[in-house]
Amino acid sequence: MIEARHLRVLRAVSATGSFSAAARELGCTQPAVSQQMKALESSAGTTLLIRTGREMRLTQAGEALVRHASGILAGLTAAEEEVAAIAGLRAGRVRLVSFPSGSSTLVPGALAALRAEHPGTRVSLVEAEPPRSVDLLREGDCDIALAFRYGSTGGEWDDLVVRPLLTDRLIGLVPEGHQLAEASSVSIGELADESWIAGCPRCRRQLVEVCEESGFTPRIDFATDDYPAVMGLVGAGLGVAVLPELAVESVRPKGARAVPVEPAIEREIVALTLPDLARVPAVAATLDQLARTAAR
């Protein structure tokens, strides 16, 4: 019989490439990892790993088992939580991953309301931008992923439960002394000759696409995932930027002026979970609170 703990170890070995690295990630010893892999291969009746130099490589059977492992582990977690909630053993546990501007705006209010309504529910939070946050969800390392997308993702999330939260408009940022600082709105084309400060990789790609649609390629002199750093660079007069409204709300821009961009450029903010996890009471309650907070 294949055991869940063995699948977790196999997935760690696959991700890290070695027994020792997997042991560090799992918080156990290298011999323990080796022993569990031998037990798993015995249960599977075939070789799952081959050592190539300093790294471990999956066999075809190993690759197939890793492919199924995330869904199996996520399903087990969902089952454990749902049974525990029904049995009244605990109110629930939710592992939430969010992009930074969501963590500072949507998440605090939602979790405060959730704690007041369900004081026994435990929620943990880590930060990651999509698509990494979505990968964590599919890999069984979180229960809800707060994510965003620009336009259609072409079926990227078809295997997930998608809970729309809000539409987040992009806002232009210019230094206070800029000629457009007092404008009621600004078009991207008016900023064609400016030095640009870009945000996260996904936002950066969107910026380039929007600018190219307006007939120019932005000169990106600075790029950072840290929104306060973007605002600080703009405030120091080093360039202009376009940031989501949630990011602007989360940090007071010093020396920078926010200007609406026309035509409107928007991203959709959503909460994602797996179909099995959506039936877990604590996960469902967290999704509801995120939606209520976003609607305010």
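Computed quantities for the displayed model
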{"read-out": "Segment 126-146, residues that are under 20 Å from V251 (Cα atoms) and open to solvent by 60 Å² or more (accessible area, probe 1.4 Å)", "value": "V126, E127"}
{"read-out": "Scan of segment 134-170 for residues that are of a type outside the set (D, E, K, R) and under 20 Å from G75 (Cβ atoms), ordered by number", "value": "V134, L136, L137, G140, C142, I144, A145, W157, L160, V161, V162"}
{"read-out": "Number of the exception - S185 against (1) in contact with a Phe, Trp or Tyr (Cβ under 9 Å, 6 or more places away or on another chain); (2) farther than 30 Å from D143 by Cβ; (3) in contact (Cβ under 8 Å) with a residue 24 or more places away in the chain", "value": "(1)"}
{"read-out": "Test: residue in segment 248-259 that is modelled with pLDDT of 85 or more and in a helix (DSSP H, G or I)", "value": "yes"}
{"read-out": "Residue in segment 147-155 that is buried (at least 20 other Cβ atoms within 10 Å of the Cβ), in contact with a Phe, Trp or Tyr (Cβ under 8 Å, 6 or more places away or on another chain), at pLDDT 95 or above and among the aliphatic types (A, V, I, L, M) present", "value": "yes"}
{"read-out": "Failed condition for G235, given (1) in contact with a Cys (Cβ under 9 Å, 6 or more places away or on another chain); (2) surrounded by 16 or more Cβ atoms within 10 Å (Cβ to Cβ)", "value": "(1)"}
{"read-out": "Per-region count, segment 179-192, residues surrounded by 13 or more Cβ atoms within 10 Å (Cβ to Cβ) and part of a loop (DSSP other than H, G, I, E, B)", "value": "5"}
{"read-out": "Output for segment 200-223, where each listed residue is open to solvent by 80 Å² or more (accessible area, probe 1.4 Å) and assigned to a helix (DSSP H, G or I)", "value": "R205, E209, E212, E213"}
{"read-out": "Some residue of segment 163-178 being not in a strand (DSSP E or B) and not charged (D, E, K, R)", "value": "yes"}
{"read-out": "Unmet criterion (only one of (1) within 19 Å of P281 (Cα to Cα); (2) in contact (Cβ under 8 Å) with a residue 12 or more places away in the chain) for G17", "value": "(1)"}
{"read-out": "Of residues in segment 267-282 being in a loop (DSSP other than H, G, I, E, B) and open to solvent by 20 Å² or more (accessible area, probe 1.4 Å), the one modelled with the lowest pLDDT", "value": "D276"}
{"read-out": "Residues located in segment 1-43, provided they are of a type in the set (A, V, I, L, M, F, W, C), closer than 15 Å to L73 by Cβ and open to solvent by 20 Å² or more (accessible area, probe 1.4 Å)", "value": "I2, A4, A15, L26"}
{"read-out": "Qualifying position, being free of Cβ contacts under 8 Å to residues at least 24 places away in the same chain and open to solvent by less than 50 Å² (accessible area, probe 1.4 Å), among A294, A229, A285, A256", "value": "A229"}
{"read-out": "Failed criterion for S98 (all others in (1) in contact (Cβ under 8 Å) with a residue 40 or more places away in the chain; (2) open to solvent by 60 Å² or more (accessible area, probe 1.4 Å); (3) among the polar types (S, T, N, Q) hold)", "value": "(2)"}
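The values are calculated or read from the model by the stated rules, or taken from the named source; none is laboratory data. Because the structure is predicted, anything quoted here is derived from the model rather than measured. Positions of Cβ are generated from backbone atoms using ideal geometry, with glycine treated the same way; all protein chains shown enter the neighbour counts. Surface accessibility is based on the protein's heavy atoms, side chains included, excluding ligands, DNA and RNA. Shrake-Rupley method; radii C 1.70, N 1.55, O 1.52, S 1.80 Å.
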